[in-house]
1. Among the candidates Arg227, Arg253, which residue alone is outside the structural domain of Phe376 (by TED's automatic domain parsing), among the basic types (Lys, Arg) and either touching a strand residue (DSSP E or B) at 6+ places or on another chain (Cβ under 9 Å) or farther than 28 Å from Pro388 by Cβ (or both)?
2. Consider Asp279 against the criteria (1) of a type outside the set (A, V, I, L, M, F, W, C); (2) at pLDDT 95 or above; (3) under 27 Å from Lys205 (Cα atoms): it satisfies all of them except one. Which criterion is unmet?
3. What residue, among those in the stretch 160-182 that are aliphatic (A, V, I, L, M) and within 17 Å of Lys134 (Cα to Cα), is surrounded by the fewest Cβ atoms within 10 Å (Cβ to Cβ)?
4. Pick out, from the stretch 196-280, the helices (runs of 4 or more DSSP H) lying fully within it that include 3 or more residues that are in contact (Cβ under 8 Å) with a residue 40 or more places away in the chain.
5. Which residues, taken from the stretch 237-273, are of a type in the set (D, E, K, R) and surrounded by 15 or more Cβ atoms within 10 Å (Cβ to Cβ)?
6. Residues that are in the same structural domain as Asp279 (by TED's automatic domain parsing) and touching a strand residue (DSSP E or B) at 6+ places or on another chain (Cβ under 6 Å): list the helices (runs of 4 or more DSSP H) wholly contained in the stretch 351-466 that include at least 3 such residues.
7. How many residues does the stretch 123-159 hold that are under 12 Å from Val174 (Cβ atoms) and either touching a residue at least 40 places away in the same chain (Cβ under 8 Å) or loosely packed, with under 13 Cβ neighbours inside 10 Å (or both)?
8. Has the stretch 424-446 got at least one residue that is buried (at least 17 other Cβ atoms within 10 Å of the Cβ) and within 22 Å of Val247 (Cβ to Cβ)?
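The values are calculated or read from the model by the stated rules, or taken from the named source; none is laboratory data. None of the values given here were measured: they were computed from a predicted structure. Note that we place each Cβ from the backbone using ideal geometry, even for glycine, and neighbour counts take in every protein chain shown.
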Amino acid sequence: MSKAQQVTRPLVRSLSHAAGTSTTCPARTLTIRQFSSTLSRSDEGSLTTGTTESASSEAQKQAADAVVIGGNNVAATTVKQGTEEELAKLLSPQLGSLRRRAALATTGNIPFEQLPYQAFQEARKILAKDREEKVAKIVAELEKIKKLEATDPSIFRSGEAYKQKRLKSMRAYVERLKILADINDPMVKRRFEDGMGTASGDMNKPIYRFLARRKWCEMDRKIIMQRITQFHIVPDLLPRFEPNMDVKLHFRRFKVPPGAILNSRITETPPTLRMQVFDAGERLISIVVVDADVPNPETDSFNNRLHYLATNIPWSPTLNSLPLSRIGADSSSSSSSSSSSSSATATAPAQPGALAVSWLPPHSQKGAPYHRLAVFVLQHSNNAPLDPNKLRELYDGAGREGFSLKSFRDNFSLTPVGFTMFRTVWDENTADVMARHGLPGADVEFRQPRVRSLKPPRKPRGWEAKRQSPKYRHLWKYTKRIKGVKF
């Protein structure tokens, strides 16, 4: 029996039974009788006792099968003809054995892990057994770690350095075993693919951090690395840089692609950062927004300008949103104002951290090229907090101009871990934004200087040389009297 015959066998049996013919499956053309009704069946498993009711039920079943085979947009009286192979392509999951139809009709409310599919359940048993083996290895490795921690480092040749190196290697192996124990779990995969794996509680588990990092490295990290190279962030701002955390930029609840040119009215207010780290533990970070293309007409070059600086921000894998406008906000002053401001404060509480340099709206001058606004996330060494008052003295006010990200990183022992960017140009709203915030330079316009040719004046030759006499004065307009050209 061919594969097509096996597929269409239930259909042929039902049609042959209705026509009173044999139930064999020869490779011949099948014709479905016309029906005048297209009523659907509410319960295929129900049986009737009366002759009239059974005949009516059988007619309804055949009508529904004919409609399914002929397509949903085909009339009920359409006769569908063809071989068994052609009809097999038109079969619907609704057609098949009663057991299969009952399984499809009753598995809607069954939990995902209890679906009545034998291959699925057997695979889950194999995965459960493999997970038990991984858990046993984890328990054994943790016992080794405890034993090594209690060991005197003097018995090793390299002393404490070898002990710490060995402990670090063993802990990394335990984390890898935790990932391997759940990497093939269908429930974990389903939860992550449905978008529920990035919840605050799940990101504490190594498997969800591993899946999130793998998904980030598939495309988002490649785009960030492309922008770093394309817009020369390296080496203009840092000599080298490799991001290892996901940073996304949102202005007014709209996601901004890295490197997009934004309107000045949109960037007038501070953005919101969606950040995700992929390693366990809490750390302190600093946020820096720097403009790398501030024109300097005196030196005919470009300088840097600091637009925002916040420090001592605690961050962990369970956090993902950071509104820059709420960092350092005083909740007590907000609550003592008006009722509307109190309700706004309740919906948007102040974020932990210290604001060193407030947000300066990005702006450009007319005729100047686009400005690259780079947003850097820097992690503190040993989670040591910085003094915000000292940062204000160094970089607030006149200290914004000429800001060096490399010097800031070296002076305070910071490590760049995240990056995103956007661009700004002169537009119809730039002058109004600069006027509202008291920023000078709205009346400045940059123009490209005219480059004079270094070649000496060309002597007349050929046709021009022969016609230099006053006799050919009427032709001088083509050689000597050209507007904008002097000889």
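1. Numbers: Arg253 fails: outside the structural domain of Phe376 (by TED's automatic domain parsing).
Going through Arg227, Arg253 in turn, the sole match is Arg227.
2. Only one criterion is unmet by Asp279, namely (2).
3. Taking the stretch 160-182 as the starting set, the residues that turn out to be aliphatic (A, V, I, L, M) are 161, 167, 170, 172, 174, 177, 179-181.
Subset that is within 17 Å of Lys134 (Cα to Cα): 170, 172, 174, 177, 179-181.
Numbers: Met170: 15, Ala172: 10, Val174: 16, Leu177: 20, Ile179: 16, Leu180: 18, Ala181: 21.
Out of the qualifying residues, it is Ala172.
4. Details: elements: 206-218, 220-230, 233-236.
By residue number, 206-218, 220-230.
5. Residues of the stretch 237-273 that are of a type in the set (D, E, K, R), as a first pass: 240, 242, 246, 248, 252-253, 255, 265, 268.
Correct list: Asp246, Lys248, Arg265, Glu268.
6. Working: elements: 388-395, 405-411, 430-436, 463-466.
By residue number, 388-395.
7. Taking the stretch 123-159 first, the residues under 12 Å from Val174 (Cβ atoms) are 134-135, 137-146.
Narrowing the set further to residues that are either touching a residue at least 40 places away in the same chain (Cβ under 8 Å) or loosely packed, with under 13 Cβ neighbours inside 10 Å (or both) leaves 134-135, 137-140, 143, 146.
The number of residues fulfilling the criteria is 8.
8. Yes, the stretch 424-446 has at least one match.
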